[in-house]
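Q: Starting off with a structure, shown below.
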Amino acid sequence: MAILKIARIGHPILLKKTKEIKELGSEKIKEIVYNMSETMIDANGIGLAAPQVHLNLRLFIIRDIESKNKEMQIKALINPVIEKLSDETIEAWEGCLSIPGMLGLVRRFSKIKYSAYDLQGKKISNNLEGIQARVVQHEFDHLNGILYTSRLVHKDAFGHAEEIEQYWQKNEKEKQ
Ligand code: NI
């Protein structure tokens, strides 16, 4: 396995729409997913999309932070499709391994359903809410060349994590 180089904001691959994967269940795709998993763990991320490691493929991985089974913690979604399950949205601060050190306030659907293929090429689907729903929408955007910086609820709702924590999140907590 190998740790891959992560593309940062400004690299054109992050703005490209990705291509469908034809070789479902192939060893090549498995190897890519294993390397992406190692890269995500090393970078301490909770999601990683193929364009972030310079690959033009419709595939991302997510870390199932609610799973108790360690081996099931990372899930690959290949050629995914998502749909909202309601119009309800939630605003929350998001980070991205391609925009290191920064956070932005983004509105996402609170409940979604995804359909995709797994590593074996088997069709999978699931309903998600909470942080998992947010991560999947964020990673899905990467497959269409969209970064969260183009989805900010307000153009000023973006900055370095430490400043955001001090000047935005602290105020939010005091208001509650
Ligand atoms: Ni990201």
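Any read-out appearing in this document is the output of simple, stated calculations on the displayed coordinates, not a laboratory observation. As the structure is a computational prediction, the values presented were derived from the model and not from experiment. Here the Cβ positions follow ideal geometry from the backbone for every residue, glycine too, while neighbour counts run over all protein chains shown.
Q: Is segment 82-148 best put as rounded, prolate or oblate by its Cα gyration tensor, with a ≥ b ≥ c the root eigenvalues, rounded for a/c under 1.5, and otherwise prolate when a/b is larger than b/c, oblate when not?
A: Oblate shape, in that a/c is at least 1.5 and b/c is the bigger or equal ratio.
Q: Which length gain, in nm to one decimal place, applies between Asp118 and Tyr167 when the Cα-Cα distance is subtracted from 0.36 nm times their residue separation?
A: Additional length available on full extension: 13.5 nm.
Q: In segment 115-139, whose amide N lies under 16 Å from the spot 7 Å out along Cα-to-Cβ of Lys84? List them in ranges.
A: The answer is 128-130, 133-138.
Q: Something else: Please report Glu139, Glu165, Glu174 as a ranked list, fewest other C-beta atoms within 10 angstrom at the top and most at the bottom.
A: In order of increasing Cβ crowding within 10 Å: Glu174, Glu165, Glu139.
Q: While we're on this one: In degrees, nearest 10, range 0 to 90: what is the angle between the Cα axis of helix 130-143 and the longest Cα principal axis of the chain?
A: It is inclined by approximately 60 degrees.
Q: OK, next. May I ask you to derive the relative contact order of segment 12-175, considering only C-alpha pairs under 8 Å and at least 6 residues apart, and to give it as an integer percent?
A: Relative CO of segment 12-175 lands at 25 percent.
Q: Arrange the following residues from fewest to most other Cβ atoms within 10 Å of their Cβ: Val106, Val81.
A: Fewest to most other Cβ atoms nearby, the residues stand as Val81, Val106.
Q: With the Cα gyration tensor of segment 1-103 giving a ≥ b ≥ c as the square roots of its eigenvalues, does the rule (a/c under 1.5 for rounded; else a/b larger than b/c for prolate; else oblate) give rounded, prolate or oblate?
A: rounded
Q: How big is Rg to Rh over segment 12-175, alpha-carbon atoms, Rh as the Kirkwood inverse-mean-distance radius?
A: 0.97
Q: While we're on this one: I need Thr18, Thr149 ordered by Cβ neighbour count within 10 Å, fewest first.
A: The fewest-first ordering by Cβ neighbours comes to Thr149, Thr18.
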